[in-house]
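Structure, as structure tokens:
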Amino acid sequence: MLQAEIKSLFKEDISILIKVPNSAKHYLCDCGEASLLKVKEVQSVSAIFISHTHIDHFSNFDGIFRHQIGSGEKVVVCGPKNIQRQIEARLKSYTWNLIDENAIEYEIREIVSEEEIKVYKIRPPHWNLEFVKSQDFLFDDEYVNVSFAILDHKTDSIAYLFKEKDSVTFNENASGFKKGKWISELKTAFENNETDKAIEIEGTVYQASELFHLLTRNEGYRLGVIMDHAADEGNYEKIKTVFGNADRVYIETFYKDEDREFAASNYHSFASASGKIMKDCKVKKAVPVHFSRRYSESDRLDIEAAFYRAFGED
């Protein structure tokens, strides 16, 4: 099951680390100030997902790449329109005369629209952007695939849904056969829908479909991160489309209910609005995050209480 850790303290800017179980891979959502984020964790980040580039979500990008350079790895960065230009500007603002060209490579994926992702690469020491291709998906590796919604925050703000790959388990008690390589062959046939594939067990050949009842497909865990967005129906329709029935979602809850006028003028959400949209999405577990710095700890408790009342969780 995917695990998320908030790496920002209450008065710090937001940053959330997503860890894959039994893997050294991590994914980082937003690069705000995050004093709980460890260097070792940064060095294990294989992909960064930026919601938007307001300073409280992007200011620590320099600190992130500071600890990644020299790894020789390729790191994927996903973000809204023009993210490639903003990263290029950050990287070119430093002097790199002592760095090797193989020190690192960033693959930047610019979310132009729901249907178009532009892919670029950029490497030291000159950090010149190179367009690679356009594609119709954002991110997919051996552990997760990532879908998204483009929300309105008076600029594009990308909300991300991480879906763990489905797994297939073998019911040993129901089989009656000895274990062997046939189990992995059967799983492969099941995943590829190869119903007629021949599976040999203890000298007898079976059609794969005859054995599929021994397998169970386990749907992958679905974890969402929804950052800054206006509390309006246009955004809510997009959120419902992507995040319906998610297992766990972290959602910005910037303002108290009594400050909803500030929320409207700043294209942010507020406590009960964030709670209600999570309820409408039938999210199993919702977590309010990213509160305005104007608030005290007691204000935060009030925000969380209003959020959970609207979500329907006491």
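The values are calculated or read from the model by the stated rules, or taken from the named source; none is laboratory data. These numbers come from a predicted model, not from an experiment. Note that each Cβ is placed from the backbone with ideal geometry, even for glycine, and that neighbours are counted across all protein chains shown. Heads up: the accessible areas ignore ligands, DNA and RNA and are worked out on the full protein's heavy atoms, side chains in. Shrake-Rupley method; radii C 1.70, N 1.55, O 1.52, S 1.80 Å.
Miscellaneous remarks
- Folded to 0 to 90 degrees: helix 297-311 orientation relative to the chain principal axis, Cα: 50 degrees
- Length available on full extension from SER184 to PHE212: 0.36 nm per residue minus the Cα-Cα distance, which gives 8.9 nm.
- LYS279 versus ASP152: modelled label distance in nm, points set 7 Å from Cα along the beta carbon direction: 2.4 nm
- Heavy atoms of LYS118 accessible to a 1.4 Å probe, total area in Å² rounded to 10: 60 Å²
- Label zone at THR241, where the point sits 7 Å out along the Cα-to-Cβ direction: the range 60-85 residues whose backbone N lies under 18 Å: 80-81
- Total lysine pairs in the range 138-260 at Cα distances under 27 Å, for residues eight or more apart or on different chains: 20.
- FRET efficiency for the pair GLU142 and GLU258, taken as 1/(1 + (r/R0)^6) with r the Cβ-Cβ distance and R0 = 35 Å, rounds to 0.15.
- Residue-normalised accessible area of the range 169-314, given per residue in Å² at a 1.4 Å probe: 52 Å²
- Note on exposure: SER274, SER46 ranked by accessible area (1.4 Å probe, complete protein assembly) read SER46, SER274, with the most exposed listed first.
- The alpha-carbon atoms of the chain, seen along their principal axes, cover 71, 57, 34 angstrom, with the largest extent given first.
- Dipole of the chain [Lys/Arg +1, Asp/Glu -1 at C-beta], most positive-end residue of PHE307, ILE48, THR253: ILE48
- Selected from ILE87, ILE122, ILE55 as most flexible by GNM, with the chain as the system and alpha-carbon contacts under 10 Å: ILE55
- Computed E for TRP96/ARG294 - FRET, C-beta separation, R0 35 angstrom, nearest 0.05: 0.35
- Counting only Cβ charges, +1 for Lys and Arg and -1 for Asp and Glu, the dipole size of the chain around its Cα centre is about 500 debye.
- Inter-label distance, nm, simple model (7 Å from Cα along the C-beta direction), LYS40/ASP62: 2.8 nm
- Using a probe of 1.4 Å on the protein chains alone, the accessible area found for GLU304 is around 40 Å².
- The chain - mean residue ellipticity at 222 nm from DSSP helices (-39,500 (n - 2.57) per run, n ≥ 4, rounded to 500): -7000 deg cm²/dmol
- Put a dot 7 Å past the Cα of GLU115, heading toward its Cβ, do the same for GLU5, and the two dots end up 4.1 nm apart.
- The range 100-128 and the range 1-45: distance between their alpha carbon centers, rounded to Å: 21 Å
- Contour excess over end-to-end distance, with Cα ends at LEU301 and ALA174 and 0.36 nm allotted per residue: 40.7 nm
- For the chain, a Gaussian network of Cα nodes joined below 10 Å ranks GLN43, GLN84, GLN207 by mean-square fluctuation, and the top entry is GLN207.
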